[in-house]
Amino acid sequence: MNRLTPWIPLICGISVGAGILLGVMISPSGSSDASLNGYDKIKAVLGYVEDHYVDSVNTNELVDLSIQEILQHLDPHSGYYTAEEVVAMNEPMQGNFQGVGVEYNIIRDTVVVMNVIRGGPAQTAGLLTGDRLIAADGSSLVGDSASEKIIKRKLRGTAGSPVNISVVRHGTKSVKIVKVVRGSVPIYSIEAAYMLQPEIGYIRLTRFAETSTEEFLRAADTLRKQGMKKLVFDLRGNGGGLLSAAVEISDEFLPEGQMIVYTKGRVDGEDKIMATGLGSMEKMPLTVLIDENSASASEIVAGAIQDNDRGTIIGRRSFGKGLVQEEKKLADGSGFRLTIARYYTPTGRCIQKSYAKGIHDYEQDEIRRYNSGELLHADSIHFPDSLKFKTSKGKVVYGGGGIMPDIFVPMDTSGNSDYLNDLYYHDIFTLWSLDFNSNEGAAWRTKGYDTFRSTFVVSEKHFFEFNRFAVANQVKSDPAGQRQSDKLIRRYMKAFAARVVFGDQGYFPAWNDEDNVVRAAIKALTGQ
């Protein structure tokens, strides 16, 4: 045993020996590790790795990973982003980007146009829904080339630059070359704005961006001219965005002097944001729809409306993001977002849910909600007395993670089946809707959307042909699943058909006609 001892550091104790060596060899001026501050340690380790590691390394990548790890350790919403990621994150907030202006799905390794953005270059050039984009300037966009990264690189570019796109129109086999001159493509925040009933308007906002307030006011003005006296404001699935946009839109509903939100940080202290009294909808009866994917800026609006007893919040408990991030750009175009404050609703609720158990646990929250029954049963949610707050009118509201609605509407899972999941997985609704557009779209466009919405019914012939189409496109026949999901399949068929024939604005009216949360909102506004 004693004879082997001198060899232990060389065979089994390399980390010990290396640790001693590290302290001697890379500390500045021969100082010990104890004298190094955090910055010097990082520089010392990275420098030694760059100079002596057994394989070549990309120091910039190591730096990026180090920064990301530091920021992620702070909270789930602080983070570091490459220059490319910064551009991608900010485009939706800016309200436009440079490119051709199509929304697409990648279906079986092929780029299929699902929507031609109104006002964009593609619309001017004549691209149509259903077009298959197979090449750009001679470079393939199919097979392995049908990736998000490659497609964006080929289709996006400087305004004014042309791109020749090889197109196969749905229902044909011939290739057509369409020249599109890239330009500024709008990114709309309003997904739908229409009249639910003669006096009830509906506006669905998908993000809070630089153009959101202007879009919202324009939509509201249009609906008022159509007779809107009450509003259903849909923030379901809205993951947030700019604090300023949330404040501006909240201000449209609240009278002067009422608090919208306040933020509190370690450095900047407390900042209260109050309504100005310049809102155009301060007395309009209001419902706000939220769900488990409504977050951040959406929760600011919902919290301001709820705490000021200004309207009724309907749906399911929101996500629970109450952290305010500040974005900083670095010289190379990369950047980071750092949490600088928490925001609080007027009654003092911090909506941020706990992240004390780490990011992975934080990201599993929605799964826990589903497994606990929270998304299905209101009585499965329990709040301790310490998380109960009262509005000025005495209504009890809850903190501790998200906005709890005034009226709970459970997730409807009655039509779910393995067959329905297979239809989704194989993009059958999308593919079928393209055929529907080829066969019946022109006739329905002539009749107009209102006629389609009020009179189109998925007939037995439609339903039979749809299920036969599904089997022909790799979905296993499942009569029991068809029966289980019959109503939901027909609902999706009509909504997808409406979108492909009339654009995104066509989808939500068709879908919402049978939406339980929208129905609850109408009942809250009318008492019926």
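Where a number appears in this text, it was derived from the coordinates with a stated rule and is not lab data. Small disclaimer: the values here were computed from a predicted structure and weren't measured. A quick note on method: Cβ atoms are made from the backbone with ideal geometry, for glycine too, and the neighbour counts reach across all protein chains shown.
The alpha carbon radius of gyration of segment 139-190, expressed as a multiple of 2.2 N^0.38 Å, is 1.32. Per-residue ellipticity at 222 nm from helix content only, as computed over the chain with -39500 (n - 2.57) for each DSSP H run of at least four residues, stands at -11500 deg cm²/dmol. Of all DSSP beta bridges confined to the chain, the antiparallel ones make up roughly 75%. With unit charges on the beta carbons (Lys and Arg positive, Asp and Glu negative) and the dipole taken about the Cα centre of segment 163-233, which residue among Val185, Ile203, Thr213 sits farthest to the positive side? Checked the options; the winner is Val185. Counting only trypsin sites (Lys or Arg not before Pro) that DSSP places in a loop and that have at most 14 other Cβ atoms within 10 Å, the longest clean stretch of the chain runs over 4-107. Over 25 Å apart at the Cα level, from the set Lys173/Lys494; Lys225/Lys390; Lys225/Lys447, are Lys173/Lys494; Lys225/Lys390. Charge dipole of segment 161-256 (Cα centre as origin; +1 on each Lys and Arg Cβ, -1 on each Asp and Glu Cβ, all else neutral): 920 debye, rounded to the nearest 20.
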